[in-house]
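Encoded as structure tokens, the structure appears first; notes follow it.
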Amino acid sequence: RIANIAQVVAMGDMAGNMIHRINNQLGSIRADINYLTTQHAAQQLEEAELLELLDDMLENAEATLAMAENIRKPFQTSPQEPIDVNDCIKNGLQEKKDELKKVIVIEVLEPVPAVMATRQLELVFENLLTNALLAMNGQLRGVLKFSTTCSADGQWVEITVQDSGPGLSPDLKESEIFKLGVSGRPEGLGYGLWWCDTFLKRWGGQIQLVNDSRRGCKFLIKLPTATRGRE
């Protein structure tokens with residue numbers, strides 16, 4: 001019961017942060033519209049100012065829609081099937097190719113067996129990729145490394161994702177980073193890593209933070225091979 005209460009409280013915190021951000025974005029759009037209406041009525045609206053305000057409104061609208069889509073997309077129904085982990089990683093990198101232009105991407109992708117999961121596995125890697133890009137923001141040349149291998153007993157596919165960012169915040173405990181509502185960024189919702197952990201567990205897998213890197217964050221993901229997943 002205590003665990004359930006903690007989960008509900010965390011969901012409330014996340015929802016509160018989300019509502020605050022949506023209010024700010026939509027409030028900015030409303031303020032822009034009111035200003036446009038006033039300036040137009042006074043016949044003082046210049047074309048350059050109009051275009052600037054429209055760009056601002058579009059940016060806030062797109063941010064709100066993206067937030068809604070990011071929350072909805074992971075929970076769309078998708079049947080379990082044998083999934084090629086390496087293809088999921090490559091698709092995630094392709095999706096973010098424009099944002100990766102200033103990042104050195106290292107791919108050490110060994111041939112590995114398929115895992116039993118759903119297409120949402122791509123979203124897990126996209127989420128970790130997004131977090132890494134945010135962590136490396138401002139670096140002249142960030143480094144991002146993906147690697148895949150099969151465990152010695154052939155039962156698990158192991159994936160590591162490592163970035164060259166500043167690493168885990170000193171204020172954040174390692175045991176808390178996968179909890180709902182916990183984020184290492186002031187503007188974060190504390191949703192992404194919790195969602196990754198939840199879905200990986202649903203497929204019989206797991207994710208953990210590895211402390212063997214001198215800088216940045218390194219995550220280890222383990223998923224059972226498709227044969228073991230069916231069992």
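The values are calculated or read from the model by the stated rules, or taken from the named source; none is laboratory data. Note that the structure is predicted; figures quoted are calculated from it, not measured. Every residue, glycine as well, gets a Cβ built from its backbone with ideal geometry; the counts of neighbours run over all protein chains shown. The protein model used for the area step is the full one, side chains on, heavy atoms only, and it has no ligands, DNA or RNA in it. Shrake-Rupley method; radii C 1.70, N 1.55, O 1.52, S 1.80 Å.
Yes or no: region 36-52 includes at least one residue that is of a type in the set (Val, Ile, Thr), at pLDDT below 85 and farther than 30 Å from residue 157 by Cα. Steps first, answer last, please.
The initial filter retains those residues of region 36-52 that are of a type in the set (Val, Ile, Thr), namely 37-38.
Of the ones still in play, those that are also at pLDDT below 85 are none.
Checked region 36-52: no residue is of a type in the set (Val, Ile, Thr), at pLDDT below 85 and farther than 30 Å from residue 157 by Cα.
Just to be sure, is residue 31 part of a helix (DSSP H, G or I), modelled with pLDDT of 90 or more and either open to solvent by 100 Å² or more (accessible area, probe 1.4 Å) or of a type in the set (A, V, I, L, M) (or both)?
yes
Starting from region 104-120, keep only residues that are over 21 Å from residue 227 (Cβ atoms), then list their pairs with residues that are β-branched (Val, Ile, Thr) whose Cβ atoms are within a distance under 6 Å, requiring at least 6 positions of separation or different chains.
Within 6 Å, the pairs are 104/143.
Can you tell which of 11, 18 is over 30 Å from residue 150 (Cβ atoms), open to solvent by less than 40 Å² (accessible area, probe 1.4 Å) and modelled with pLDDT under 85?
None of the other options fit; the residue is 18.
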